[in-house]
Amino acid sequence: MALSNGIRELRFKNDEMTQKRLAELVRVSRQTMNAIENSKHAPTIDVAIRIADVFGVSVDQLFEYRYEGKPKRRSDATKTTAVPKKASIEETIDDHAAHSSVEEEAANEISLGDLHNVI
């Protein structure tokens, strides 16, 4: 991910505002502001909006995102695969019986079309 910003330029266009002053206005530490300005840390959306508000610009004017290819995937070695459980004959019979009773109940219910005819 490449997230760049124009914070430094905007600070200097605004009476050479210091990182410390900007951090106070945005309510973050100076170290956090430094990391955001130098693209070492991506701000939360809330912080990005507060920074943009200080300078009177939109978030998309302040930050630029460049797509740099597909994200890294974890290796196949770390992936786990679920192994399906085999059902016993008793579980299969119980499962079938449960579905049969649901089907019987559904046959006894009134459909919306039938209800409309009644009304």
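The values are calculated or read from the model by the stated rules, or taken from the named source; none is laboratory data. In this text the structure is predicted, and so the values were computed from the model without any measurement. Every residue, glycine among them, receives a Cβ derived from its backbone with ideal geometry; neighbour counts consider all protein chains shown.
Consider only pairs whose beta carbons are under 6 Å apart and that are at least six residues apart or on different chains; among these, list those whose first residue lies in region 50-70 and is modelled with pLDDT under 90 and whose second residue is surrounded by 10 or more Cβ atoms within 10 Å (Cβ to Cβ) and in a strand (DSSP E or B). Going by the 6 Å Cβ cut-off, the qualifying pairs are GLU64/SER4; TYR65/LEU3.
Scanning region 23-54 for residues that are within 16 Å of TYR65 (Cβ to Cβ) and basic (Lys, Arg) returns a single hit, LYS40.
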